[in-house]
Structures are given as structure tokens and as C-alpha cells.
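Engineer: A single structure is presented below for examination.
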Amino acid sequence: MASARFSVSFAGPLVTFQDAGRPGNMRYGVAASGPMDRLAFGAAHAALGNKSGGSAIEISLGGLMLQCTEGTVTVAITGGDFVVEHAGQKTISWTTLTVRKGEKLAIRAGKAGSWAYLAFAGDLASETWLGSQATHASSGFGGGVLQSGQALVVADAAVREEREGEIAQPEFASDGAMRVVLGPQDQYFTATAMEHLLNEQFTVSDAYDRMGMRLNGPVLEMQSALSIPSEPIIRGSIQVSGDGVPTVLLADHQTTGGYPKIATVISCDTDRLTQLRVGQKIRFTSVSSQQAVDAARDDAQQKAKYLDQISIARGTLAQRLMRENLIHGWADD
Amino acid sequence: MEPQFKPVADHALLVTFSDTISEEAHAAVIALDQAIAADVPDGVIETVPALVNLLVSFDPIKTDHSAVESHLRTQLEGLESRKIIGVDRHVQVCYEGDFAPDLEAVATATGLSQEAVINAHLAGDFHVLMYGFSPGYAYLSGVPEPIQVPRKPAPVRGVPAGSVIIAGPQCLITTLTMPTGWSIIGRSPTPIFTGNPDHPFLFDVGDRVVFERVDLKTYEALCKETTDGER
């Protein structure tokens, strides 16, 4: 099949290639990386009928502008509430459209959300590292950070008109407080710190990137100045530095560290956490480890159902019109 | 050592052997890590060995904290000898010129000659404690006491990959150009990223590291070999 090519007219900072990530290497200091919002990333591939987990582009608030220089390919854009401009038409993210040679595609920060995903009906080529195209932003390993002027190549580029149009957004994700399991070092914090964590609001600070999100809010005091031996960290760990400021570790987190962890955000809540922007409020609520496992299972089921639903092609415009006519035909009888 | 089990979110368990760093605790971590590798509990995805504890991450769809904990408890019962199976890894170091910008300062701070600092470093009994900070950053214990120096007050930026750096009892071979506050005493041509998909990193936690001195000419020849090998 033919390939499609794009030239990157503009790429903001932290626009990267991401696939499902490279789990299994934390013991070597390598975080899994992969998309910040795994649900939106999965939706982009599902809406195109792609197999899950392939390479896509993660777009930061800095935005991305492309021009198609060769071929034709259907793309899906998901995540947050970004502005999409294609061939003179403006829409929002959560859309599938076909880009033809000479056309421009721009994706910019819109009303909400921090990360958008651009997936292609085809194979997006990039460097791999340890078998994955996911970019580890601080080292640049993997597919890498997109640069203005760069060319993108999509092999086996397909046109899937029957998939064009709006993508239904997921509605099952909880929109309340972020659920955390306390610990593993909650015992080192004062009772007041624990109350603050669960009862007060925090605000996303501007120290937010793929490694983590520092929060402003009440100081989380430890019972005494504490130095713990460096220990493993995961995505979702809330580590508290000596000055009592919490940071939630995210996709490109360090794998070990010596700051105590007051709590850990459960995996199915990290997607919506990453979509918050500087200045937005955040609350935490504590669940037991068993409740956390139940939530993960429930979420996995709903996610699978949702991805299944959006992966069904809606039909080409002609097919949809025919279906409408048939329905009207029945109604008229 | 009676380990403590702590749930971490919905998908991991932290097994801690001690609150403070000790050889015994680290040996227990490695022994459990190796036992898990030999008999992976259902649903376990990966383990992360550190100084006093081991993180066991799992798929919450397939298992949960208590199932993993009970499997690990059974494994721990059979681990009394705590025998560590580490491999010797040889790492070349060139201690010359620009590769060792802090050698003189370490010599001054410790009251030794530069040659004595190099010999002390070569004589160290180094073991891989854990990885951290950045991909491939293996923390080694075993810097001999006479050449132990504290971290610098402020990190130096742009320290090249391959730098051999020390702070206190720890030594590390950098894999990326990164800032560091540790003292830079040499440069290694030995790749930590091996390029071998079956064994992408030179060290496993628990391995012994033997440093070997090379001169600049050998360093350059070894670097060239590596680069040619990658082609």
C-alpha cells in the first residue's frame, strides 16, 4: 500500500511519538513512558480500527501543525478539548478525518485538557528503543520529540471514509476526587498532613511535564526531617519533598527516589489527572487497596466496552445517507 | 529479616526488609528478586529492586495484593541461605586529562596523590545496588573509604555520557549527558546500553563490577570498536 508523508510546520515543546510504552524495564531505571492519557490514546486507534498500542503523536498545549506532502490518510484526533483545523474547517478534538496531499492540519490548545493524540490509519514510522517507539522525554530515547521541519512517514496509509466524523467521548471516567491508596510512607506524616491531603484542595502548578505534576496547596508536614533509602516509584506516586510540597509522578517518572510517598493515585484515575492544566483544582480521596483493585477491574471492563463501541465503523457518507433514506422510507409508509 | 508488605495503588506491592540501609537488607532484596524471576507469580509484570525494598508490580485484572503477597511469603520461606548469584562485569576506565576534571580535587580533599586515588578506585569492591535517576544509571556500592568525598554544593551541567563519577560510598557510570554534583574521575568506553535486545543493559542488580584502567589510546580504540559494532 502507499505511504503518506507530512512535513511538520510547527511543533510545540513536548510533542512526542508515543506508543503503548515499554513496561518491564523499571529495574534498569527506565519508566514505561507511553501516553499521558492512555484512554484518549486508545480511543484514537480504536476509532480508526487500528490494532491497539501502535505509535501515535502526543500533542502538548504547544500544539502541532502539519502539511501533507504526499498521499492520503485518515487520522483520528482525541484527548482534552483541543481545536482542530483541517482544510479550512474548524472542529474540536475527538474527530476522524482524511488528510490529502497539500492539505494542512493544525491541532492547538482549546478550552480544556493538556494532551491530545493524533493517530493515523497506517504505521507511523519513528526510532524505537527497547522495542518501543514511546519517547522518554528527558533522555529523548524512543521515537523522540517532534521538531519543526521534520518529515513524518506513515507506511501502509489507508483511507477509511466510513470512519470519518465525530468520536464519542468516554463518559464512564469518574470526575470527582482522585482516588489514592495511602502510603507506602504515610506513617511518616503528621495527622494534620493526612487531613490536608484528603480534605483540602490542591492546585496544579506550572511545574508540570511528562515526569510529574507539582501541586500547590497546604504544606504536608512530616513528623521529623526524614531521609529514607531510595526506593522504587511508580506512575501515580505522590512524593513529598522536604519542604512539604507534593508531586505526582507520571509517565516518564524517575524509577527510584528518596522522598517519602504519602499516597499513590490509582492507575485508572491518572488519565484524567494528566488532562488538568496549571491552576486547576484537584482533590484526593482515600480508598483501600481492595477497592482500588475493584476500581481497576471495573474501569478495564468499561474501557474495553467503550473502545469496542467506537471501533465500529459508522459507514461512508453515502452509506449513512442511504440508511437515513431507508429509515425515512419506513417512517413514511 | 521479617519483611513488611505495603500495597501501592491498585497494581503494586512494596516488600521492605529494613528501614535503614544494610548489606543484609539488600541481600534479602536480591534473593527475593531472583526467586521471583525463577518462579513468576501469576499476573506479576515486573519487579524493581532497590536498597532495602523490592517493588512487585502486577496486572490488577489478573491478581491482587493479597494473592501476590501470599505467593511471595511462600517464596521467602525457602530463601534462608540468601545466596546471590551475581556476575562479574568488567568496565574499562580512562582516568586521563579532560576525562577526569575532578581527580585533582578528590586528591586534594583526601590528601592522596592522583595516582593513589586511581589505585584506590581500581581496588574497590563494587556491587550494583540498584538503578535509578535515569535510564541505565546503575548505583554501585564500594568506593573505598579513603577516597570517599561528599557531593559538590551545586551540580555541574552537561557532564558527558560515560563519565565515571563518585559521591560518598557510591560510584556510577553515566549513560546520558546530564548534570551531576558527583566528582568526575574518569571516562569509560564500556557501553552500559549493550545494544543486545536480549540483554540491553550491562548490569543486573547484584552483579560485581571490576574496573580496569586503560590509557587514552586504548580508550579511543575501544570507543571506535563499539561504534563500528553498532553499524
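Engineer: In degrees between 0 and 90, to the nearest 10, how far off the longest principal axis of chain B does helix B:114-123 point, with axes built from Cα atoms?
Structural biologist: 30
Engineer: Per residue of the stretch A:156-172, in order, report the coupling 6.51 cos²θ - 1.76 cosθ + 1.60 (Karplus, θ = phi - 60°) as ³J(HN,Hα) in whole Hz, putting x for Gly and Pro.
Structural biologist: Running phi through 6.51 cos²θ - 1.76 cosθ + 1.60 with θ = phi - 60° gives 6, 5, 10, 9, 10, 3, 5, 10, 5, x, 5, 9, 4, 7, x, 10, 7 Hz.
Engineer: For the stretch B:74-133, what % of the accessible area comes from carbon and sulfur atoms, probe 1.4 Å?
Structural biologist: Percent of accessible area from carbon and sulfur atoms in the stretch B:74-133: 52.
Engineer: While we're here: Roughly how many percent of the accessible protein surface of the stretch A:1-152 is carbon and sulfur, given a 1.4 Å probe and a whole-percent answer?
Structural biologist: Values: 2610 of 5110 Å².
In the stretch A:1-152, the share of accessible area belonging to carbon and sulfur is 51 percent.
Engineer: OK, next. Using only DSSP helix segments of four residues or longer, with each worth -39500 (n - 2.57), what per-residue ellipticity at 222 nm results for chain A after dividing by its residue count and rounding to 500?
Structural biologist: When only DSSP H runs of four or more count, the value is -6500 deg cm²/dmol.
Engineer: What is the helix-to-structure angle for A:289-310, meaning the angle in degrees between its Cα long axis and the longest Cα principal axis of chain A, kept from 0 to 90 and rounded to the nearest 10?
Structural biologist: 10
Engineer: In the stretch B:179-231, what percent of the accessible surface is made up of carbon and sulfur (1.4 Å probe, ligands and nucleic acids excluded)?
Structural biologist: 52
Engineer: If you don't mind, another one. Using a 1.4 Å probe, what is the accessible area per residue for the stretch B:25-87, in Å²?
Structural biologist: Details: 2680 Å² over 63 residues.
On a per-residue basis, 43 Å².
Engineer: Sticking with this structure for a sec: What is the angle, in °, between the Cα long axis of helix B:216-230 and the longest principal axis of the Cα atoms in chain B? Nearest 10 is fine, range 0 to 90.
Structural biologist: Once rounded, the angle reads 50 degrees.
Engineer: Now, a different point. For A:ALA313, what is the net charge nearby, where nearby means another residue's Cβ is under 12 Å from its Cβ and Lys, Arg count +1, Asp, Glu -1? Before the final figure, lay out the partial values.
Structural biologist: Details: positive: A:ARG160, A:ARG163, A:ARG314, A:ARG320; negative: A:GLU161, A:GLU162, A:GLU164.
So the environment of A:ALA313 carries a net charge of +1.
Engineer: Next up: Report the net charge of residues surrounding A:GLY142, where surrounding means a beta-carbon distance below 12 angstrom and charges are Lys +1, Arg +1, Asp -1, Glu -1.
Structural biologist: Around A:GLY142, the charge tally is -2.
Engineer: Long-range amide H contacts for A:ALA56: which residues qualify at under 5 Å (H placed 1.01 Å from N, peptide plane, sequence gap of 5 or more or a different chain)?
Structural biologist: The list, which skips near neighbours in sequence, is A:GLN18, A:ASP19.
Engineer: Additional query: Restricting the count to DSSP beta bridges whose residues both fall in the protein assembly as shown, what percent are antiparallel, rounded to a multiple of 5?
Structural biologist: Close to 90 percent.
Engineer: Which residues of the stretch A:254-290 show a drop of at least 10 Å² in accessible area when all protein chains are present, compared with their chain alone (probe radius 1.4 Å, heavy atoms only, ligands and nucleic acids excluded)?
Structural biologist: A:GLN254, A:THR255, A:THR256, A:THR264, A:ILE266, A:SER267, A:SER289, A:GLN290
Engineer: Starting from the Kirkwood radius over alpha-carbon pairs of chain B, derive D by Stokes-Einstein at 20 °C in a medium of 1.002 mPa s and give it in µm² s⁻¹.
Structural biologist: 112
Engineer: Using the Karplus equation 6.51 cos²θ - 1.76 cosθ + 1.60 (θ = phi - 60°), what ³J(HN,Hα) coupling, rounded to whole Hz, does each residue of the stretch A:36-51 give in order, writing x for Gly and Pro?
Structural biologist: 5, 10, 6, 5, 5, 4, x, 5, 4, 5, 4, 5, 8, x, 6, 6
Engineer: So what is the accessible area of chain A per residue, in Å², with the probe set to 1.4 Å?
Structural biologist: Numbers: 13880 Å² over 333 residues.
That works out to 42 Å² for each residue.
Engineer: Only protein chains counted, 1.4 angstrom probe. Which residues of the stretch B:134-173 are at least 20 Å² less accessible in the assembly than when their chain is isolated?
Structural biologist: Those residues are B:PRO135.
Engineer: Right, next: A:ARG160's amide H: which non-local residues (gap 5+, or another chain) put their own amide H closer than 5 Å, with H modeled 1.01 Å from N in plane and none for Pro or chain starts?
Structural biologist: A:THR74
Engineer: Using a loss threshold of 50 Å², tell me which positions in the stretch B:41-75 are less accessible in the complex than in their chain alone. Probe radius 1.4 Å, ligands and nucleic acids ignored.
Structural biologist: Flagged in the stretch B:41-75: B:GLU46, B:VAL48, B:ILE61.
Engineer: Something else now. How large is ³J(HN,Hα), in whole Hz, for each residue of the stretch A:10-17 in order, when computed from phi with the Karplus curve 6.51 cos²θ - 1.76 cosθ + 1.60 and θ = phi - 60°, using x for Gly and Pro?
Structural biologist: 7, 9, x, x, 6, 8, 9, 6
Engineer: Could you work out [θ]222 nm for chain B from helices alone, using -39500 (n - 2.57) per DSSP H run of at least four and dividing by all its residues? Round to the nearest 500 deg cm²/dmol. Intermediate results must be reported in sequence, preceding the final value.
Structural biologist: Details: 5 runs with 62 residues, N = 231.
Calculated mean residue ellipticity at 222 nm is -8500 deg cm²/dmol.
Engineer: Any idea of the total accessible area buried by the A-B contact, 1.4 Å probe, rounded to 100 Å²?
Structural biologist: Approximately 3300 Å² gets buried when A meets B.
Engineer: List the lysines whose Cα lies under 30 Å from the Cα of A:LYS101, skipping any in the same chain that are fewer than 8 positions away.
Structural biologist: Of all the lysines, those that pass the test against A:LYS101 - Cα under 30 Å, at least 8 places apart if same chain - are A:LYS51, A:LYS90, A:LYS111.
Engineer: Before anything else, pin down the relative contact order of chain B: Cα pairs under 8 Å, at least 6 apart, normalised by residue count, whole percent.
Structural biologist: 19
The values are calculated or read from the model by the stated rules, or taken from the named source; none is laboratory data. All figures in this text were calculated on a predicted structure; none of them were measured in a lab. Glycine gets a Cβ as well: all are built from the backbone with ideal geometry, and neighbour counts include every protein chain shown. All accessible areas refer to the heavy atoms of the entire protein, side chains included, with ligands and DNA or RNA removed. Shrake-Rupley method; radii C 1.70, N 1.55, O 1.52, S 1.80 Å.
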